[in-house]
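Enquirer: Attaching a single structure in structure tokens format; questions to follow.
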2 protein chains.
Amino acid sequence: MAEPGTRERLVDAAIHLLSEGGPDSVQARKLAADVGVSTMAVYTHFGGMGGLVEAVARTGFDRFNTRLAEVPRGTDPVEDLFRLGDAYREYALGSPNLYSVMFGISAPAGHRLAGGDVTSDGPGEHLPEGQEAFGQLETVVSRAMHAGRLRTGDPAAVAGQVWSAIHGYVLLEIAGYFGELGRGMDIVGTPIAINLVIGLGDTGDAARASAQRVWGG
Amino acid sequence: MAEPGTRERLVDAAIHLLSEGGPDSVQARKLAADVGVSTMAVYTHFGGMGGLVEAVARTGFDRFNTRLAEVPRGTDPVEDLFRLGDAYREYALGSPNLYSVMFGISAPAGHRLAGGDVTSDGPGEHLPEGQEAFGQLETVVSRAMHAGRLRTGDPAAVAGQVWSAIHGYVLLEIAGYFGELGRGMDIVGTPIAINLVIGLGDTGDAARASAQRVWGG
DNA sequence: CATTCTTCCATAACGGTGTTATACATGGCC
DNA sequence: GGCCATGTATAACACCGTTATGGAAGAATG
């Protein structure tokens with residue numbers, strides 16, 4: 001493999017700093033010192049800290065996508081959907097700061113993804129890598145519809161519902177609203193997965209059986 | 001009413017700046033200039049920008065709680081739950097930057113609520129005002145259980161599921177993932193509300209009827 | 001009333017941040 | 001050799017949060 005260039009080393013250092021010390025420790029001077037270059041490298045390669053944060057989010061989504069793609073697909077599409085959600089949560093909780101940056105939720109020193117304001121369009125359309133993760137959800141949802149487990153409808157709309165539930169749950173668990181980590185999954189995470197799938201057309205027995213194969217209990 | 005003191009004026013100015021120019025425009029110097037005092041006022045009253053951000057989040061939750069409390073309660077607890085969710089969304093979308101600060105999701109110039117890192121416990125336990133909003137959800141959920149609309153169980157656990165769904169949906173809509181604002185409600189927001197309630201024990205007909213009274217269609 | 005103490009704020013400075021202007025080094029190309 | 005493009009080091013600039021210092025105003029105390 002080719003020797004990593006300065007650009008890649010800067011992104012790696014940023015991700016490392018992000019996971020170690022949070023968003024505030026991702027600073028141009030610290031990055032440059034870690035990589036062994038001057039702060040100018042940030043500007044020749046990314047045009048500024050904002051561009052570097054975008055690159056961080058992009059590689060975060062890349063790893064996220066491959067992680068989701070590695071989840072084995074079986075014969076039960078609802079079980080696959082649950083496993084996908086589980087991998088989603090594991091990734092988000094494994095690197096919560098990176099996950100926050102990916103969704104423009106948190107950002108080093110005021111360098112958000114799309115403008116400084118939360119409402120400026122948002123990173124929704126700006127990162128095609130983000131759409132890819134959504135596409136994986138959509139595919140499994142579509143399979144579940146064809147298998148007769150979920151009511152037939154627009155897979156994108158249903159995937160949006162699933163995404164909302166996972167995203168919200170994960171963020172609240174990261175923020176500590178469900179007490180000690182792990183406990184939230186039993187009383188909120190698993191139930192919301194089962195209940196949403198039931199509302200989407202699955203039977204209670206089938207949903208619980210699929211969940212049991214993923215989370216036990 | 002008493003003349004507002006410097007402390008209240010600082011918080012108001014911060015909330016105003018937050019909604020106008022986003023988190024990055026909430027700066028000690030700008031706050032002081034707006035109120036007509038020096039930056040020292042921030043330190044005598046709040047100990048620093050971090051304390052001011054916490055005060056902002058606190059008053060944000062206060063307004064949030066009264067807003068939710070103003071939602072009229074009727075005879076149909078599921079309808080009430082939908083109306084609560086609708087008011088929740090309206091508040092979050094009405095002041096998305098404030099909402100983000102309330103949940104420690106975004107913060108001016110690296111001044112998060114509980115430490116600089118996303119994972120440092122989170123603001124979950126630190127803001128009792130946040131628990132009050134959750135309590136309002138829990139009460140309505142409990143009423144829906146006693147009315148036979150939702151399966152009997154732990155109201156707090158069920159409220160946690162409802163909260164996850166709303167929180168996730170609202171954040172994704174703010175981030176622009178559902179296209180133009182408003183459209184997301186039709187294809188994702190309303191369906192997830194109905195489907196989650198069905199999964200929690202309500203019948204499809206009853207859930208759709210309650211939703212129809214809130215959102216029409 | 002005089003004195004002291006407390007509270008609050010203005011001024012000015014300090015350290016640290018992202019950013020930028022400038023100059024230099026390097027390597028490919030004609 | 002001459003030339004240009006690319007990437008980087010240095011040093012400075014503007015801005016930010018923060019803090020040390022001192023002063024003003026009022027309450028508390030004798």
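The values are calculated or read from the model by the stated rules, or taken from the named source; none is laboratory data. Fair warning: this is a prediction, and the values are worked out from it, not measured in the lab. As a convention, Cβ positions derive from the backbone with ideal geometry for all residues, glycine included, and neighbour counts pool all protein chains shown.
Enquirer: Considering region B:36-83 alone, what residues qualify as being of a type in the set (Lys, Arg) and under 19 Å from B:Pro128 (Cβ atoms)? Please lay out each step first, then the result.
Expert: Applying the first criterion (of a type in the set (Lys, Arg)) to region B:36-83 yields B:58, B:63, B:67, B:73, B:83.
Hits for region B:36-83 are B:Arg58, B:Arg63, B:Arg67.
Enquirer: Which of (1) within 9 Å of DNA strand C (Cβ to nearest atom); (2) closer than 18 Å to A:Leu98 by Cβ; (3) not polar (S, T, N, Q) does A:Glu20 not meet, given it meets every other one?
Expert: (1)
Enquirer: Taking region B:35-64 only, how many residues are away from chain A (no Cβ under 14 Å), touching an Asp or Glu at 6+ places or on another chain (Cβ under 9 Å) and more than 9 Å from DNA strand C (Cβ to nearest atom)?
Expert: Qualifying residue count for the region: 5.
Enquirer: Output the number of residues of region A:156-184 satisfying the condition of being more than 7 Å from chain B (Cβ to nearest Cβ) and over 17 Å from the mean Cα position of the chain (by Cα).
Expert: Result for region A:156-184: 8.
Enquirer: Pick from A:Ala133, A:Ala157: which is of a type outside the set (Lys, Arg) and closer than 17 Å to A:Ser100 by Cα?
Expert: On the way: A:Ala157 fails: closer than 17 Å to A:Ser100 by Cα.
That would be A:Ala133, the only listed residue that is of a type outside the set (Lys, Arg) and closer than 17 Å to A:Ser100 by Cα.
Enquirer: Which of the helices (runs of 4 or more DSSP H) found entirely inside region A:1-106 contain at least 2 residues meeting this: more than 16 Å from DNA strand D (Cβ to nearest atom), surrounded by fewer than 17 Cβ atoms within 10 Å (Cβ to Cβ) and modelled with pLDDT under 95? Write out each step before concluding.
Expert: Details: elements: A:6-21, A:28-35, A:40-46, A:49-69, A:77-94, A:96-102.
It comes to A:6-21.
Enquirer: Could you pull out the residue among A:Leu93, A:Leu31, A:Leu18, A:Leu84 that is touching a residue at least 40 places away in the same chain (Cβ under 8 Å) and away from every other protein chain (no Cβ under 14 Å)? I'd like the intermediate steps shown before the answer.
Expert: Numbers: A:Leu93 fails: away from every other protein chain (no Cβ under 14 Å); A:Leu31 fails: touching a residue at least 40 places away in the same chain (Cβ under 8 Å); A:Leu18 fails: away from every other protein chain (no Cβ under 14 Å).
Result: A:Leu84 is the single residue among A:Leu93, A:Leu31, A:Leu18, A:Leu84 that is touching a residue at least 40 places away in the same chain (Cβ under 8 Å) and away from every other protein chain (no Cβ under 14 Å).
Enquirer: Would you call A:Ala207 more than 9 Å from every other protein chain (Cβ to nearest Cβ), in contact (Cβ under 8 Å) with a residue 24 or more places away in the chain and among the hydrophobic types (A, V, I, L, M, F, W, C)?
Expert: Working: more than 9 Å from every other protein chain (Cβ to nearest Cβ): no; in contact (Cβ under 8 Å) with a residue 24 or more places away in the chain: yes; among the hydrophobic types (A, V, I, L, M, F, W, C): yes.
Spelling it out, it is not the case that A:Ala207 is more than 9 Å from every other protein chain (Cβ to nearest Cβ), in contact (Cβ under 8 Å) with a residue 24 or more places away in the chain and among the hydrophobic types (A, V, I, L, M, F, W, C).
Enquirer: Within region B:56-72, identify whether any single residue is touching a residue at least 40 places away in the same chain (Cβ under 8 Å), under 30 Å from B:Thr203 (Cβ atoms) and out of contact with any Gly (no Cβ under 6 Å at 6 or more places or on another chain), and answer yes or no. Break it down stepwise before answering.
Expert: Restricting attention to region B:56-72, the residues satisfying the condition of being touching a residue at least 40 places away in the same chain (Cβ under 8 Å) are B:56-62, B:64-65, B:68-69.
Within this subset, residues satisfying the condition of being under 30 Å from B:Thr203 (Cβ atoms) are B:68-69.
Adding the requirement that they be out of contact with any Gly (no Cβ under 6 Å at 6 or more places or on another chain) leaves B:68-69.
Yes.
Enquirer: Which one is modelled with the lowest pLDDT, of the residues in region A:107-119 that are assigned to a loop (DSSP other than H, G, I, E, B) and more than 7 Å from chain B (Cβ to nearest Cβ)? Give the steps one after another, and end with the answer.
Expert: So the first thing to find is which residues in region A:107-119 are assigned to a loop (DSSP other than H, G, I, E, B), and the list is A:107, A:111-119.
Then keep just the ones that are more than 7 Å from chain B (Cβ to nearest Cβ); that gives A:107, A:111-115.
Working: A:Ala107: 76, A:His111: 77, A:Arg112: 72, A:Leu113: 73, A:Ala114: 59, A:Gly115: 43.
The selected residue is A:Gly115.
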